[in-house]
1. Before we move on, is Leu329 open to solvent by less than 40 Å² (accessible area, probe 1.4 Å), modelled with pLDDT of 95 or more and within 23 Å of Leu265 (Cα to Cα)?
2. Quick check on region 95-121: of everything there that is among the aliphatic types (A, V, I, L, M) and surrounded by 16 or more Cβ atoms within 10 Å (Cβ to Cβ), which residue is nearest to Thr85 (Cα to Cα)?
3. Considering only region 452-479, how many residues are under 18 Å from Ser402 (Cα atoms) and in contact with a Pro (Cβ under 9 Å, 6 or more places away or on another chain)?
4. Which members of region 359-405 meet the condition of being among the hydrophobic types (A, V, I, L, M, F, W, C) and open to solvent by 30 Å² or more (accessible area, probe 1.4 Å)?
5. Restricting attention to region 411-421, which residues are out of contact with any Gly (no Cβ under 8 Å at 6 or more places or on another chain) and either open to solvent by 10 Å² or more (accessible area, probe 1.4 Å) or not aromatic (Phe, Trp, Tyr) (or both)?
6. Only one of Tyr408, Tyr495, Tyr454, Tyr438 is under 19 Å from Leu77 (Cβ atoms) and open to solvent by 10 Å² or more (accessible area, probe 1.4 Å); which?
7. I'd like to verify a number: residues in region 422-435 that are closer than 29 Å to Ala476 by Cα and open to solvent by 30 Å² or more (accessible area, probe 1.4 Å), how many?
8. Ser97 passes all but one of (1) modelled with pLDDT under 90; (2) closer than 21 Å to Val392 by Cα; which number fails?
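The values are calculated or read from the model by the stated rules, or taken from the named source; none is laboratory data. If you're wondering where the values come from, they're calculated on a predicted model, not measured in any experiment. Virtual Cβ from ideal backbone geometry, glycine too; neighbours counted across all protein chains shown. Ligands, DNA and RNA are stripped out before the accessible areas are found, and what is left, the full protein with its side chains, is counted by its heavy atoms. Shrake-Rupley method; radii C 1.70, N 1.55, O 1.52, S 1.80 Å.
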Amino acid sequence: MKRTAVVLVSLLLAVAGTGAIKDPDHPNFPAPRTYTMATEEADTQFWVDKAQNILAHKLQTYNQLNTKRAKNIILFLGDGMSIHTVTATRDFMGDSSMQVSFEKFPFTGLSKTYAVNKRTPDSATTATAYLSGVKGNYGTIGVNAQVPKYDCFKANDTSTHTESLAKWAQDAGKWAGLVTTARVTHASPAGVYAHTASRSWEYDGEIVKDKCSPEINVDIARQLVEWPVGKELRVVMGGGRRNFRDKTMNDEEGIKGYRSDKRDLIREWLDNKRSENKSAQYVWSKKGLEMVDISKTEYLLGLFSDSHCPYHGDLKRDRLENSDPSLSLMTQKAIELLRKNDKGYFLFVEGARIDMAHHSSKAHKSLEDTEEFSRAIELARNMTSEEDTLIVVTSDHSHTMSLNGYPYRRQNIFDFAPSLAADKLPYTILSYANGPGYSKTFSSKTGRRDLRQYDTQDAEYRFMATVPMGSETHGAEDVGVFASGPMAHYFSGNYEQSNIPAVMAHIANIGPFADDKL
């Protein structure tokens, strides 16, 4: 398959020959024939005017700070959404000068993501930090650092349990809900309502595998249905049906459950609500979600897949657009239900598959999911008022993907860099420090592979990786925090990830950080 980037590389070699580049650290390649410079960018006044506009906006923002209390608070979590991911998504959307929706928010900060016992965290310990204000050990959820991962007993001591933004909101009479593209029992959403020594204990069988008792340790799915915070979540949407039904039961799509206790927790959830004379709806498809009468619904449970929801780009590629809801649609429905409460609400929304695509070195899918995450945030901002609704956007941790080489402006982000490497072979603009993409990068017989044999535009392509790993690892650097709404200026600066829920709670005047608790 002929590729623009390959043609470009050949052109460069023809122009430059094979001799040494005068300045190898900062090479100056001829512009590709396909590149057309935006005329206005060649004019000094363009950049002066742009800076003037930005300055005027900042002056207006700082002179008119919104110091009101937040009636509603929404936390958007881009799982694994590193700064590099945000930058690459801009390029994926069309150009480096573009902005994803939340980059237009007036205030930005950085949070430090380390766990108590690890420099590079996972999605479990970080969920405890940004949802409850306490850092714990790697792999644990909703408990402090007195609980080691896999401990069969210490997490049962309620003095080790942390309280989440959802609980603080519920205690204040607000409604709470969660939306995710992962299983609703997965690490990040579980931080809203669960307390466990292991993120893997999503159903009873996983507890048994780790040689602990499912009677002593309540699995995460049961906690969602049985324990106070989970039971009172007004909206729960995502994937993970298999963790709620016994392995002898088939779900709506004929897929068997994972449980081994003969229970159907979805049926129990419905029965419990109806026994309390509460209007509750369970849906498992996009059509079912669209048909829900929000005006007559008090509780909504949507489980749209046996495991994780599809990657956003796969909705179209696999013709799932009519069967599976997008993150934007789930977010819309959640806000429509929660805003019925006059006292306000807390909503947690996770773009989970940004992270999962990175783990597979599939950068294309990660950027597609980041773009959809951005759309969901823009929709939420348009559905709410900046006067009374605080929206905070952040990530739990980073990944090892980087943008490298000297790509041309507006060059396809999935292309090869303009020059060949020292081994006379091309390399991609995007690459990972480690991961399964290693097999596409190196051969035990020939060394580095000639990447021209692969279609790097394919969404399934695994991008270059330096170290062979079955799954690419997280990164340890700080992640961005973007805020809009009441007292959003509190999110400027660099701070602990555990500060995020403290500030959100203070702005909403709920929980241990309310005015009367300070």
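1. Judged against the criteria, Leu329 is not a match.
2. The extreme case among them is Val100.
3. Total satisfying the criteria: 8.
4. Correct list: Leu379, Met383, Leu403.
5. Passing the criteria: Gln411, Asn412, Ile413, Asp415, Leu420, Ala421.
6. Tyr495
7. Count: 2.
8. (2)
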